[in-house]
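**Student:** To start, I am sharing the structure in question, which I have written as structure tokens.
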Amino acid sequence: MSGAALDLAQKNMESKGWLDMHVDPTLDLEVEIEKLKKEKNAIILAHYYQESEIQDIADYIGDSLGLSQKAANTDADIIVFAGVHFMAETAKMLSPSKKVLLPDLKAGCSLADSCPPHLFRAFKAQHPDAVVVSYINCTAELKTLTDICCTSTNSVAVIESIPEDKQIIFAPDRNLGAYLKKKTGRDLILWNGTCMVHEVFSNEKITKLMLRHPEAKLIAHPECEAALLDKAHYIGSTSGLLAFTKEDDCETFIVATEVGIIHQMEKASPHKTFIPAPPNNMCACNECPHMKRNTMEKLYLCMKYEQPEIILDQWIIDEGVKSIDRMLEISAAAGLGLKPEEEPD
Ligand code: SF4
């Protein structure tokens with residue numbers, strides 16, 4: 001590959017989000033990525049919503065809590081984050097001395113984007129005594145305005161750790177917030193954000209699907225709307241849903257979250273049937289377009305050239321990491337997250 005091609009790709013990286021360079025189609029990308037991992041002492045952390053081939057080459061696959069715990073404890077020199085932007089930012093905040101790479105900087109998140117920090121600052125000023133709890137699906141800057149972060153795995157434990165006489169602001173996901181209000185009995189002040197993937201499940205189509213498959217259990221992520229959650233046999237984080245399908249006797253599940261998780265469900269329980277819950281459009285399943293921006297080619301290029309890299313201002317790291325550390329302390333005290341055999345070395 002000529003230096004001129006690399007120069008041009010770097011020049012275009014800001015507008016494209018990634019190093020747009022030719023990749024030899026005869027290359028075995030799995031082999032090449034494995035080689036780069038060893039050469040560079042790099043670790044690949046992948047979210048459950050990634051393409052299955054990326055999940056299969058990752059060193060650790062998990063939900064936001066497990067991924068944060070892994071990022072905080074790894075010995076690797078380079079963390080390659082196969083996920084979306086806020087997740088790679090979280091890894092950088094937890095391991096600021098390490099190089100954190102994201103295959104495509106434009107892999108964003110509609111939920112994080114639904115809570116711009118300048119608007120949230122004004123909202124927070126209206127409730128000066130409230131404790132701010134933010135779902136980890138938010139920007140690094142929003143984390144600087146947050147007292148405690150949470151994930152869907154630890155959100156109940158985080159809310160319950162706050163004294164009863166304290167007001168609580170919950171941002172940015174109104175659906176998870178409504179679910180937490182119900183679950184904890186606390187009167188949360190909610191920011192009005194949503195995830196574009198979890199809010200478009202079709203209630204009508206899911207009801208029909210349940211009638212066609214009376215033997216199936218509906219399992220749902222708490223980012224889904226209340227009407228759907230009310231029907232669900234089980235509600236949980238992505239790792240919670242995966243664990244439920246392994247442990248429950250039921251043989252058929254209708255899965256109301258991003259379809260990528262089904263790859264791990266099928267691997268763990270090959271004899272069971274998993275039906276993606278249909279969205280309110282012509283598609284049969286629900287994919288996150290941000291998560292799916294990452295490809296094996298982009299993963300290979302970012303590891304080879306160590307770009308795009310996540311760079312954060314030092315003040316954002318210093319201020320924002322406090323809310324993540326607090327969340328990790330509460331999770332550890334509640335015994336949530338990585339199981340002992342998954343604990344990083
Ligand atoms: S599934 Fe929703 S919350 Fe998750 S990255 Fe995509 S847009 Fe964001």
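**Student:** When both residues are 6+ apart or on different chains and their Cβ atoms are under 7 Å apart, which pairs have a first residue that lies in region 86-100 and is within 12 Å of ALA140 (Cβ to Cβ), and a second that is among the polar types (S, T, N, Q) and assigned to a helix (DSSP H, G or I)?
**Tutor:** MET87/SER64; THR90/SER68; LEU94/SER68
**Student:** Here is a further query. Of everything in region 298-323 that's out of contact with any Pro (no Cβ under 9 Å at 6 or more places or on another chain) and within 30 Å of GLU34 (Cβ to Cβ), which residue is nearest to the ligand (Cβ to nearest atom)?
**Tutor:** ILE310
**Student:** Condition check: under 23 Å from MET265 (Cβ atoms) and surrounded by fewer than 24 Cβ atoms within 10 Å (Cβ to Cβ). Does ASP77 satisfy that?
**Tutor:** Numbers: under 23 Å from MET265 (Cβ atoms): no; surrounded by fewer than 24 Cβ atoms within 10 Å (Cβ to Cβ): yes.
No: the conditions fail for ASP77.
**Student:** Hey, another quick one. Among the residues in region 230-252, are any free of Cβ contacts under 8 Å to residues at least 60 places away in the same chain, among the aromatic types (Phe, Trp, Tyr), buried (at least 21 other Cβ atoms within 10 Å of the Cβ) and within 26 Å of LEU336 (Cβ to Cβ)? Give the derivation first.
**Tutor:** Within region 230-252, the subset free of Cβ contacts under 8 Å to residues at least 60 places away in the same chain is 230-235, 241, 243-252.
Now restrict to residues that are among the aromatic types (Phe, Trp, Tyr): 234, 244.
Those left that are additionally buried (at least 21 other Cβ atoms within 10 Å of the Cβ): none.
Checked region 230-252: no residue is free of Cβ contacts under 8 Å to residues at least 60 places away in the same chain, among the aromatic types (Phe, Trp, Tyr), buried (at least 21 other Cβ atoms within 10 Å of the Cβ) and within 26 Å of LEU336 (Cβ to Cβ).
**Student:** Do any helices (runs of 4 or more DSSP H) entirely within region 248-345 hold 2 or more residues that are of a type outside the set (A, V, I, L, M) and touching a Cys at 6+ places or on another chain (Cβ under 9 Å), and if so, which? Before you say what the answer is, go through the steps one by one.
**Tutor:** Values: elements: 261-268, 296-305, 314-334.
Hits in region 248-345: 314-334.
**Student:** Take the residues in region 186-228 that are over 24 Å from the mean Cα position of the chain (by Cα) and under 30 Å from PRO163 (Cβ atoms), then tell me which one is surrounded by the fewest Cβ atoms within 10 Å (Cβ to Cβ).
**Tutor:** By that ranking, first place goes to ASP187.
**Student:** Let me ask you something else. Given (1) within 16 Å of the ligand (Cβ to nearest atom); (2) of a type in the set (S, T, N, Q); (3) surrounded by 13 or more Cβ atoms within 10 Å (Cβ to Cβ), identify the lone condition not met by ASN281.
**Tutor:** Checking ASN281 against (1) within 16 Å of the ligand (Cβ to nearest atom); (2) of a type in the set (S, T, N, Q); (3) surrounded by 13 or more Cβ atoms within 10 Å (Cβ to Cβ), the one that fails is (3).
**Student:** Out of the residues in region 158-177 that are in contact (Cβ under 8 Å) with a residue 24 or more places away in the chain and within 16 Å of the ligand (Cβ to nearest atom), which is nearest to ASN281 (Cα to Cα)? Even if it seems obvious, please write down each step before you answer.
**Tutor:** The first filter runs over region 158-177 and keeps only residues in contact (Cβ under 8 Å) with a residue 24 or more places away in the chain, leaving 158-162, 166-173, 175-176.
Of the ones still in play, those that are also within 16 Å of the ligand (Cβ to nearest atom) are 170-173, 175-176.
Details: PHE170: 30, ALA171: 27, PRO172: 25, ASP173: 22, ASN175: 20, LEU176: 23 Å.
Only one residue tops the list, namely ASN175.
**Student:** Still on this model: Please give the helices (runs of 4 or more DSSP H) falling wholly within region 132-237 in which 1 or more residues are within 26 Å of ILE316 (Cβ to Cβ). Full working, then the answer.
**Tutor:** On the way: elements: 140-144, 155-160, 174-184, 203-212, 226-231.
Per the criteria, 140-144, 155-160, 174-184.
**Student:** Which residues, taken from region 81-103, are within 13 Å of the ligand (Cβ to nearest atom) and charged (D, E, K, R)?
**Tutor:** Of all residues in region 81-103, those within 13 Å of the ligand (Cβ to nearest atom) come to 81-90, 102.
Passing the criteria: only GLU89.
Results for (1) within 16 Å of the ligand (Cβ to nearest atom); (2) free of Cβ contacts under 8 Å to residues at least 60 places away in the same chain; (3) within 18 Å of the chain's Cα centre (by Cα), shown as yes or no for each residue.
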position: ALA112; (1), (2), (3): yes, no, yes
position: LEU119; (1), (2), (3): no, yes, no
position: PHE123; (1), (2), (3): no, no, no
position: CYS149; (1), (2), (3): yes, no, yes
position: VAL156; (1), (2), (3): no, yes, yes
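**Student:** Could you check ALA71 against (1) small (Gly, Ala, Ser); (2) touching a Leu at 6+ places or on another chain (Cβ under 6 Å); (3) within 15 Å of the ligand (Cβ to nearest atom) and say which number it fails?
**Tutor:** So ALA71 meets the others, but not (3).
**Student:** Quick one: count up the residues across region 128-139 that are surrounded by fewer than 24 Cβ atoms within 10 Å (Cβ to Cβ) and within 12 Å of MET87 (Cα to Cα). It would help to see each step written out before you state the result.
**Tutor:** The initial filter retains those residues of region 128-139 that are surrounded by fewer than 24 Cβ atoms within 10 Å (Cβ to Cβ), namely 128-132, 139.
Narrowing further to those that are within 12 Å of MET87 (Cα to Cα): 139.
Adding up the residues that qualify gives 1.
Just so you know, all these numbers are worked out from the coordinates, no wet-lab data involved. Note that the coordinates shown come from a computational prediction; the quantities given were computed from them, not determined experimentally. Cβ sites come from the backbone with ideal geometry, for glycine too, and all protein chains shown count toward neighbours.
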